[in-house]
1. Give segment 383-404 a look and list any residue that's surrounded by fewer than 21 Cβ atoms within 10 Å (Cβ to Cβ), touching a helix residue (DSSP H, G or I) at 6+ places or on another chain (Cβ under 7 Å) and β-branched (Val, Ile, Thr), or say none.
2. Examine segment 49-65 for a residue that is at negative phi, at pLDDT below 85 and in contact with a strand residue (DSSP E or B) (Cβ under 8 Å, 6 or more places away or on another chain), and state whether such a residue exists.
3. Among the residues of segment 340-389, what is the count of those that are among the hydrophobic types (A, V, I, L, M, F, W, C), within 21 Å of the chain's Cα centre (by Cα) and farther than 14 Å from Ile139 by Cα?
4. Identify the single condition in (1) within 25 Å of Pro66 (Cβ to Cβ); (2) without any contact (Cβ under 8 Å) to a residue 12 or more places away in the chain; (3) not polar (S, T, N, Q) that Gly407 does not satisfy, given that it satisfies every other one.
5. Check Ile280 against each of (1) of a type in the set (A, V, I, L, M); (2) at pLDDT 90 or above; (3) surrounded by 23 or more Cβ atoms within 10 Å (Cβ to Cβ) and name the one condition it does not meet.
6. Which residue, of Glu345, Glu370, is out of contact with any Asp or Glu (no Cβ under 8 Å at 6 or more places or on another chain), acidic (Asp, Glu) and crowded, with 24+ Cβ neighbours inside 10 Å?
7. Hey, could you check segment 178-222 for residues that are among the β-branched types (Val, Ile, Thr) and surrounded by 12 or more Cβ atoms within 10 Å (Cβ to Cβ) and say which is nearest to Leu50 (Cα to Cα)?
8. Among (1) in contact with a strand residue (DSSP E or B) (Cβ under 9 Å, 6 or more places away or on another chain); (2) surrounded by fewer than 24 Cβ atoms within 10 Å (Cβ to Cβ); (3) touching a residue at least 40 places away in the same chain (Cβ under 8 Å), where does Asp302 come up short?
Amino acid sequence: MNIDIVIATRILLIAYAAVMIFFVVRGALRTRSMTDFAIGNGFSPLVVGLSLAANITSAATFIINPGFVAMFGLSAFIAMSVMVPLGLMISLIILSRSFQKHGSAFKAISLAQWVNKRYNSPAYGRLMAVLSLLLITFIVLICVGMVKVIAPALQASELYVLIGLVVFVFGYTMFGGANSMAYTNAFQAIVMGVVALILIFSGTGHFDGGLSAFWGKLNQIDPMLSKTFNPTSPIFRDFFEVIFCNFIIGLAIVCQPHIITRSLMLRSSKDINKYLAIAIVVEMLFFMVLFVGLFARLDMPDLTLAGKKLPMDGIMSAYVLERFDTGVGLLVIFGLLSAGLSTLEGLVQSVSTTVTNDIILPSFKSEISEDRKKLINRAVITLLGVIAITVSYCQLVSPNLSVAILGQNGVYAFFSAAFMPVLLGIFTKNIHKLVPIASTIVAVIVYFATYYGELSFYTTGIVRNPAVAGTYAIFGAILAAGIMYFITRNKTNINSQKIINA
């Protein structure tokens, strides 16, 4: 380890913290209510588009997932960097405009509140709010990913770095909310774009001799690294796992609170096309970072450093520290940090908003002041921080292959449950609330039964594939919704007419 990069990283973190605090103070001055905290006061399509791109692409994309590519090769890249983004972008284009229109009509500030008002069912809204707690697993994934980058660069204890990270990020998020997050995310997205280009071009030397020579080098390490499917891997074995399941997951992944509600931050529905164009172009660049995992494998064929076997979650940080000199390495660390923080802020903001607005506040019999609402929300964020530190440390000490498995497990379960309610709420005019409720309940049951009950070949053994469980859950939800629709098709109880004619 170069001592210069340790000192430089400390200076960078101090400077970065100062920039974040500036945006937080600026945002806090404009945050007067829970609505301001959740969706802000309206932003340009450029700011919201960059914010969305940064929120979708987290530490998973820049830090964790390249480790899968390094270990399992082209099959992991196709699954995570081609099929998931393809489904995601199709779904984003189809759903964003309608959700923005519906959300504005209902004055919804969270996905759970949107479900509540769309289906005229407070109980269903609370169910979705409770299920949103599954997203804590993704918060843990991001925390672990950032610690894996920061701790080696600082030569510091992972536990101390974890505590400092959570205290700082959760602390400034509770004050600024969406009004600061939109600008911090836009700033982070720009940094991430620069770093993505640096990382993508960092391995150009491996292409000396052409593309065939590049794959030939990988074949010498392991012939499976250049194959579309890798039967020796635990989660990229065949067409079903690599292509089909990841495309379905990509379609549904949009139905997360910090993604689907992003369009509500726009000043006007007229900005939706610009917003989507900016987000998709930037996102395509970000997902290409996973290819760097192959560069890391060529640089470290046996995935060891200084004689020690690298854990999957530490491969990318090891590559950065070994590949780049102090100046460029510092910039790359800056970008990896931005990738994690951007999504972490969005998750903390959306999950705390949901818990406060859709679980806690409805329990009060009388209206309470905005100041008290903000105080409750800050208490919720504090509790989330404690949980994040506890679970993240467990993953740092004893992960199951990768923290990504835990993160995917919670996230996939959630958006499997949310996919049909969002789809039905947007594209049907008059439907009984039991239809989406049945889809959600069945999705949750099918997901966890498949994953923990080992009901599929793909979900057996020590490492199980969350994408397969998510795919089964989504199709189970579709089937349940279809059956319940025919049972209730002559009955209606939804206040949907307000938005159908909007």
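The values are calculated or read from the model by the stated rules, or taken from the named source; none is laboratory data. From a predicted model like this one, the values you see are computed outputs, not experimental measurements. Glycine gets a Cβ as well: all are built from the backbone with ideal geometry, and neighbour counts include every protein chain shown.
1. Of everything in segment 383-404, those that are surrounded by fewer than 21 Cβ atoms within 10 Å (Cβ to Cβ), touching a helix residue (DSSP H, G or I) at 6+ places or on another chain (Cβ under 7 Å) and β-branched (Val, Ile, Thr) turn out to be Ile387, Ile389, Val391.
2. yes
3. So in segment 340-389, the residues among the hydrophobic types (A, V, I, L, M, F, W, C) come out as 341, 344, 347-348, 351, 355, 359-361, 364, 368, 375-376, 379-381, 383-384, 386-389.
Those left that are additionally within 21 Å of the chain's Cα centre (by Cα): 341, 344, 347-348, 351, 355, 380-381, 383-384, 386-389.
Pick out the ones that are also farther than 14 Å from Ile139 by Cα and you get 355, 380.
Qualifying residue count, segment 340-389: 2.
4. Looking at each condition in turn, Gly407 falls short on (2).
5. (3)
6. Checking each option against the conditions leaves just Glu345.
7. If we filter segment 178-222 for residues that are among the β-branched types (Val, Ile, Thr), which is where we start, we get 184, 190-191, 194-195, 198, 200, 204, 221.
Among the residues that remain, those that are also surrounded by 12 or more Cβ atoms within 10 Å (Cβ to Cβ) are: 184, 190-191, 194-195, 198, 200, 221.
Numbers: Thr184: 10, Ile190: 8, Val191: 11, Val194: 13, Val195: 15, Ile198: 19, Ile200: 20, Ile221: 38 Å.
If we take residues in segment 178-222 being among the β-branched types (Val, Ile, Thr) and surrounded by 12 or more Cβ atoms within 10 Å (Cβ to Cβ), then Ile190 is nearest to Leu50 (Cα to Cα).
8. (3)
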